[in-house]
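In what follows, a structure is listed as structure tokens, so that the remarks can point back to it.
The values are calculated or read from the model by the stated rules, or taken from the named source; none is laboratory data. Predicted, not measured: the structure shown is a model, and the values here were computed from it. Methodologically, a virtual Cβ is constructed for each residue, glycine included, from the backbone with ideal geometry; neighbour enumeration extends over all protein chains shown.
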Amino acid sequence: MTSRIRGFRAVLCGLGAMAALLLAPAAFAHGHFAVGISVPGVTVGYWGGHHGYGFVGFGGYYAPYYYTPPVYYAPPPVVVYERPVYYRRCYARPYYDSYGYYHRGYYYSC
């Protein structure tokens, strides 16, 4: 009993969808519309374009798939850094010169 009700509902839904497609004004599709059903190997459809025609296609064309070749990366280059050179730095303390101007401290190499 349940399967009959489900089947009846499915038929009603299908008829409703067909009626909506057939009775829809052409303005919704700007004068052109297309309906198609496609499964692998078979295509059935209708295009209501300039002259409107139906089409049926058998077989299908699938673009060939090309595998990308494996990519091998070279090992990273070996980078050797030299030892840093440290210079001795001395600090000159801030002072006031003979004219009363302040000179802040600074570093210099000794």
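In table form, for the structure just shown:
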{"quantity": "Residues of segment 90-110 satisfying the condition of being modelled with pLDDT of 85 or more and of a type outside the set (Phe, Trp, Tyr)", "calculated": "90, 92, 93, 94, 97, 98, 100, 103, 104, 105"}
{"quantity": "Conditions (1) outside any loop (DSSP other than H, G, I, E, B); (2) modelled with pLDDT under 85: number failed by residue 61", "calculated": "(1)"}
{"quantity": "Cβ pairs under 9 Å, 6+ apart, first in segment 84-97 and in contact (Cβ under 8 Å) with a residue 60 or more places away in the chain and of a type in the set (Lys, Arg), second part of a loop (DSSP other than H, G, I, E, B) and exposed (fewer than 10 other Cβ atoms within 10 Å of the Cβ)", "calculated": "none"}
